[in-house]
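As structure tokens, the structure follows; a few thoughts come after it.
The values are calculated or read from the model by the stated rules, or taken from the named source; none is laboratory data. What you see is a predicted model, and the numbers here were worked out from it, not measured in a lab. All Cβ positions, glycine included, derive from the backbone under ideal geometry; neighbour counts span all protein chains shown.
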Amino acid sequence: MRRTGSIPGRLGSGLVVAGLIMMLDQGTKLWADTALGLYRPVALLPILNLTLSYNEGAAFGLLQDQGGWQRWLFALLALAVSGYIGYWLSRLGPGMRWHAAGLSAILGGAIGNLIDRLIYGHVIDFVDIHYGAWHYPAFNVADSAITIGVALLIVGMWREVEG
């Protein structure tokens, strides 16, 4: 029985998961921003560094050097996508756990990076995977959550088609 004024089950659970991801993301970014020197790698493994960097663009530095207007574009986009994900979560049926987990992870990551854009004007990245001179673009917990969330959504959709 649903109580009046309560948040529907999937949306409520999704918001809790998203909130936990967002807090983990913001906590690790705060740590990285205070403990690491900008662009000064700290080697953890032969293929993994912690390297503080600031990204004013989107994924892979897209629109990085555009003078600042992109901050507001990406912030508005993140707000719109977050609102839609909240709506989508509220409409999920009982057997859509993969979808709910994926959407919750994407929502937590989107909000984590949105907070950075609104407060700092850039996203704080610090995970640096590399091999020799090649470096994958630096990323953070929010980026990882979004990637994992998309993978979970794909699995959920695949299971839905199969099942």
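Which is within 17 Å of MET22 (Cβ to Cβ), modelled with pLDDT under 95 and either touching a strand residue (DSSP E or B) at 6+ places or on another chain (Cβ under 7 Å) or surrounded by fewer than 20 Cβ atoms within 10 Å (Cβ to Cβ) (or both), of ARG117, ARG97, ARG91? Spell out the reasoning first.
On the way: ARG97 fails: within 17 Å of MET22 (Cβ to Cβ); ARG91 fails: within 17 Å of MET22 (Cβ to Cβ).
After ruling out the rest, the residue left standing is ARG117.
Take the residues of region 74-88 that are closer than 17 Å to ASN113 by Cα and in contact (Cβ under 8 Å) with a residue 12 or more places away in the chain: which is surrounded by the most Cβ atoms within 10 Å (Cβ to Cβ)? Steps first, please.
Initially, region 74-88 is screened for residues closer than 17 Å to ASN113 by Cα, giving 74-86.
If we keep only those that are in contact (Cβ under 8 Å) with a residue 12 or more places away in the chain as well, we get 74-75, 78-79, 81-82, 85-86.
Numbers: PHE74: 20, ALA75: 17, ALA78: 20, LEU79: 14, VAL81: 15, SER82: 17, ILE85: 22, GLY86: 17.
Among those residues, the one meeting the criterion is ILE85.
If LEU38 satisfies every condition in (1) surrounded by fewer than 19 Cβ atoms within 10 Å (Cβ to Cβ); (2) modelled with pLDDT under 95 but one, which is the exception?
(2)
Considering each residue of region 74-103, count those that are of a type in the set (Gly, Ala, Ser) and within 22 Å of LEU30 (Cα to Cα), and give that number. First the steps, then the outcome.
If we filter region 74-103 for residues that are of a type in the set (Gly, Ala, Ser), which is where we start, we get 75, 78, 80, 82-83, 86, 90, 93, 95, 100-102.
Now drop any that are not within 22 Å of LEU30 (Cα to Cα), which leaves 75, 78.
Qualifying residue count, region 74-103: 2.
Can you tell me which residues in region 32-58 are within 10 Å of PHE126 (Cα to Cα) and under 22 Å from the mean Cα position of the chain (by Cα)?
ALA32, ASP33, LEU36, LEU38, TYR39, ASN49, LEU50, THR51, LEU52, SER53, TYR54
For region 48-63, which positions are modelled with pLDDT under 85 and of a type in the set (Val, Ile, Thr)? Reasoning before the result, please.
Initially, region 48-63 is screened for residues modelled with pLDDT under 85, giving 56-63.
Matches in region 48-63: none.
Find all pairs meeting these conditions: Cβ atoms under 6 angstrom apart; at least six residues apart or on different chains; first residue within region 119-147 and free of Cβ contacts under 8 Å to residues at least 24 places away in the same chain; second residue surrounded by 13 or more Cβ atoms within 10 Å (Cβ to Cβ).
So the pair list comes out as TYR136/ILE129; PHE139/ASP125; PHE139/VAL127.
Filtering region 1-35 down to residues that are at pLDDT 95 or above and of a type in the set (D, E, K, R), which residue is surrounded by the fewest Cβ atoms within 10 Å (Cβ to Cβ)?
ASP33
Please specify each residue of region 128-151 satisfying the condition of being surrounded by 20 or more Cβ atoms within 10 Å (Cβ to Cβ) and either aliphatic (A, V, I, L, M) or in contact with a His (Cβ under 7 Å, 6 or more places away or on another chain) (or both). Steps first, please.
Filtering region 128-151 down to residues surrounded by 20 or more Cβ atoms within 10 Å (Cβ to Cβ) leaves 128, 138-143, 145-146, 149.
Within region 128-151, ASP128, ALA138, VAL141, ALA142, ALA145, ILE146 qualify.
Quick one: is SER104 assigned to a helix (DSSP H, G or I) and either modelled with pLDDT under 95 or in contact with a strand residue (DSSP E or B) (Cβ under 9 Å, 6 or more places away or on another chain) (or both)? Can you show your working first?
Values: assigned to a helix (DSSP H, G or I): yes; either modelled with pLDDT under 95 or in contact with a strand residue (DSSP E or B) (Cβ under 9 Å, 6 or more places away or on another chain) (or both): no.
Judged against the criteria, SER104 is not a match.
Which residues, counting only those in region 114-157, are farther than 26 Å from HIS99 by Cα and among the aromatic types (Phe, Trp, Tyr)?
Correct list: TYR120, PHE126, TYR131, TRP134, TYR136.
Just to check your reading of the model, which residue among ALA75, ALA110 is outside any loop (DSSP other than H, G, I, E, B), closer than 19 Å to ASP143 by Cα, at pLDDT below 95 and not aromatic (Phe, Trp, Tyr)? First the steps, then the outcome.
Values: ALA110 fails: at pLDDT below 95.
Just one listed residue meets the conditions, ALA75.
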